[in-house]
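The values are calculated or read from the model by the stated rules, or taken from the named source; none is laboratory data. Remember, predicted model here, so these are calculated numbers, not experimental data. Don't worry about glycine lacking a Cβ; one is built from the backbone with ideal geometry, like all the others, and counts go over all protein chains shown.
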Amino acid sequence: MNSRELIQRVLSFDRPERVGLTYSSFDERPRICDTAGVGPTPDPDFEARRWDDGAGGECYNDEWGCIWRRIKGKTTGGEVIDPPIKYWDDLGTYELPTYGDPKRYKRAAQICEQTNDRYILGSIVGCCFNAARYLLKLENYLLDCAAEPEKITQLNRMVSDLVLKQVDIYADIGADGVFYCEDWGTQNRLLVSPMMWDEMFRWTFERLIERAHSRGLTVWMHSCGWVRDIIPHLVDMGMDVLQFDQPELHDLDWLEQFSGRVTYWCPIDIQTTLQCGDEETIKAKAREMVRKLGGKGGGLITKDYSDNHSIGVDPLWQHWGYEEFLRVGRYEGHDIPPLSRS
């Protein structure tokens with residue numbers, strides 16, 4: 001069984017040999033990575049620029065027309081300081097980036113053609129909420145969700161149309177699934193009310209999932225923060241994979257109720273567990289994740305977190321988790337036994 005076949009069985013809860021693993025190398029030693037990612041090449045007509053602002057910050061532009069500022073040595077992405085849509089009258093003349101141009105995916109198509117042993121994920125650039133909210137600046141976007149809902153929906157549909165073009169391209173070049181990021185949560189709630197999410201944003205997820213599934217692709221979604229209010233809806237829609245870097249924020253016991261219906265793709269929690277630096281605590285959490293999230297004959301893919309420096313983690317601590325996932329995350333034709341409740 002190669003990695004592609006293994007992930008297919010993880011997603012269908014068909015008792016693969018082990019849980020899925022998506023890890024980079026450690027200490028120059030290769031580790032198992034069952035997936036491969038592809039995406040668009042840079043737009044040859046886009047001129048990327050970076051410049052110092054003279055006040056300890058670095059500014060840069062992106063393909064969406066946003067100007068960003070980050071604090072050098074402290075932040076990576078930063079915040080939008082100059083959006084392309086300053087007034088709603090600008091919406092009629094705004095031009096989306098060229099992520100729907102098949103010519104930008106020639107290299108991705110070559111990788112798909114040459115890769116038969118791993119599960120290939122096409123990266124969707126700028127999914128609806130994650131892209132549209134910066135085109136106005138986040139605070140203006142959230143205000144207009146209440147003040148100008150028709151305009152927000154018009155903008156969201158423009159971005160959603162671009163998302164669907166990417167889905168079709170990935171299906172055409174032979175990817176297995178699509179992966180996208182939509183950070184919806186703070187530490188204790190959604191960025192909008194559950195009612196507003198249902199009325200204004202649910203359709204963007206339904207549209208994406210329907211198109212992807214109709215083209216034979218699975219859908220993998222990353223979201224940071226508290227998104228418990230929408231997880232049941234995402235599962236009911238048919239979301240294939242939920243990628244959480246903070247699974248403990250939702251509580252593993254609570255997430256367990258959806259085991260067998262959705263696959264979780266998670267590291268050991270980057271806020272509550274990895275930082276402890278205790279080998280047995282980290283390995284115990286790995287065992288708990290396997291039993292609670294992967295105990296229905298599949299449904300768990302584990303991973304490392306790519307930015308150890310930002311979260312104050314020694315790479316060895318993540319490696320302890322990898323070793324334990326590899327040791328205990330094996331099905332051998334049987335369900336993983338439940339945790340002792342003693």
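Structure above, values below:
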| read-out | value |
| --- | --- |
| When residues of the stretch 42-54 are limited to those that are touching a strand residue (DSSP E or B) at 6+ places or on another chain (Cβ under 9 Å) and outside any strand (DSSP E or B), the one nearest to Ile111 (Cα to Cα) | Phe46 |
| Condition check for Val235: over 23 Å from Met158 (Cα atoms) and either out of contact with any Gly (no Cβ under 9 Å at 6 or more places or on another chain) or outside any loop (DSSP other than H, G, I, E, B) (or both) | yes |
| Residue match in the stretch 235-246 (condition: in contact with a helix residue (DSSP H, G or I) (Cβ under 9 Å, 6 or more places away or on another chain) and farther than 30 Å from Ala171 by Cα) | no |
| Residue check, Leu249 within 28 Å of Gln154 (Cα to Cα), assigned to a helix (DSSP H, G or I) and touching a residue at least 60 places away in the same chain (Cβ under 8 Å) | no |
| Pair list, Cβ under 7 Å, 6 or more apart: the stretch 68-79 residue outside any loop (DSSP other than H, G, I, E, B), other residue of a type in the set (Phe, Trp, Tyr) | Trp68/Tyr60; Glu79/Trp68 |
| Residue pairs meeting the criteria (Cβ under 7 Å; at least 6 apart or on separate chains; first touching a residue at least 12 places away in the same chain (Cβ under 8 Å), in the stretch 122-144; second of a type in the set (Ser, Thr, Tyr)) | Gly122/Tyr170; Ile124/Tyr180; Val125/Tyr99; Gly126/Tyr99; Cys127/Tyr180; Cys128/Ser160; Cys128/Thr204; Ala132/Tyr141 |
| Elements of type helices (runs of 4 or more DSSP H) in the stretch 270-342, at least 1 residues being at pLDDT 95 or above | 279-293, 315-328 |
| Whichever residue in the stretch 25-41 is touching a residue at least 40 places away in the same chain (Cβ under 8 Å), out of contact with any Lys or Arg (no Cβ under 7 Å at 6 or more places or on another chain) and in a loop (DSSP other than H, G, I, E, B) and, among such residues, is surrounded by the fewest Cβ atoms within 10 Å (Cβ to Cβ) | Asp27 |
| Residue that is of a type in the set (Val, Ile, Thr) and within 17 Å of Asn156 (Cβ to Cβ), where the choices are Thr204, Thr218 | Thr204 |
| Selection within the stretch 137-196 - out of contact with any Ser or Thr (no Cβ under 7 Å at 6 or more places or on another chain), surrounded by 15 or more Cβ atoms within 10 Å (Cβ to Cβ) and not in a helix (DSSP H, G or I) | Lys137, Glu148, Gly174, Ala175, Val178, Tyr180, Cys181, Arg189, Leu190, Leu191, Val192 |
